[in-house]
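**Q** Pasting in a structure now, in C-alpha cells, and then I'll have a few things to ask.
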Amino acid sequence: MNFTVVVGHPRPGSPLLTAARSAAAALAPAARRDRPEVVDLAEFGPELLWPQSVPQVDAAVRAVRRSSLLLVASPVLNGTYSGLLKVFADRLPLLALEGAVAIPMIMAADPVRAEAAAEDLRALLAELGATLPAPALTILDTELSGIGALAQAWALQVAEGVRAA
C-alpha cells in the first residue's frame, strides 16, 4: 500500500516538513504501511501555477493519486491551510482521492486557529473523495521540539481507525 506525505509549507525544508516526517514515521508501523513518499510542495515554487504540464508536479500528482494513505500537512496561514496546498489540490481531478485514507496535519501558533484550519483541510480532502477516519494531528509551533513523542502518542490513537478504513 502506498503512503504519501504532502507538505504545503511555502518554505523548502521547513520545520513542518521535519514534523510531518516524524508523524509519518510514527504512523507507518502503527497503520501497517510502508515508508512514505514525501512531497514537499515548496520545491515546485511557481511551477505549480504553470498551466502546462510540469514533469515534477505531474509525478507528485500521480504519487498522491495512487496512495492508499495520505498525511497532508500545512501551516496555518491567514486563518486556514496554505494557498500552496490549495493550488496543488486544484491540480487533482474530481474525486482523485476516492478510496484513499487521508489524515490532515496542521501546525499553528495557537490551538483555536489550528482546529479551525484542520476542519478546513478535512473539508478539502473529503471534497476530493478521501476517507477521513481519524482526527487531525494539530501541533503548535511551541511543540516542535517534542514532535517525536507527540507523534508517537497520536499514531497510537489513530492507528485503529486508519487500519479499519
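Rule-based calculations on the coordinates, nothing more; no lab input. For clarity, every value in this text was computed on a predicted model and none was experimentally measured. Cβ coordinates were reconstructed from backbone atoms using ideal geometry, including for glycine residues, and neighbour counts include every protein chain displayed.
**Q** Residues of region 54-88 being within 14 Å of the chain's Cα centre (by Cα), within 13 Å of V39 (Cα to Cα) and not in a strand (DSSP E or B), which ones?
**A** Within region 54-88, A60, V61, A63, V64, R65, S67, L84, L85, F88 qualify.
**Q** For R122, state whether it is touching a helix residue (DSSP H, G or I) at 6+ places or on another chain (Cβ under 6 Å) and closer than 22 Å to A60 by Cβ.
**A** no
**Q** Quick one: T18 ticks every box in (1) touching a strand residue (DSSP E or B) at 6+ places or on another chain (Cβ under 8 Å); (2) part of a helix (DSSP H, G or I); (3) under 20 Å from I139 (Cβ atoms) except a single one, so which number is it?
**A** (1)
Each row is one residue, and each column tells you yes or no for (1) touching a strand residue (DSSP E or B) at 6+ places or on another chain (Cβ under 7 Å); (2) surrounded by fewer than 16 Cβ atoms within 10 Å (Cβ to Cβ).
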{"site": "Q56", "(1), (2)": "no, yes"}
{"site": "A60", "(1), (2)": "yes, no"}
{"site": "P75", "(1), (2)": "yes, no"}
{"site": "Y81", "(1), (2)": "yes, no"}
{"site": "L85", "(1), (2)": "yes, no"}
{"site": "A89", "(1), (2)": "no, no"}
{"site": "A108", "(1), (2)": "yes, no"}
{"site": "L132", "(1), (2)": "yes, no"}
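**Q** Looking only at region 106-118, how many residues end up being more than 13 Å from the chain's Cα centre (by Cα) and assigned to a helix (DSSP H, G or I)?
**A** Matching residues across region 106-118 total 6.
**Q** Turning to a different aspect of this structure: Picking from L150, L140, L156, L125, which residue would you name as being of a type in the set (A, V, I, L, M) and surrounded by 21 or more Cβ atoms within 10 Å (Cβ to Cβ)?
**A** L125
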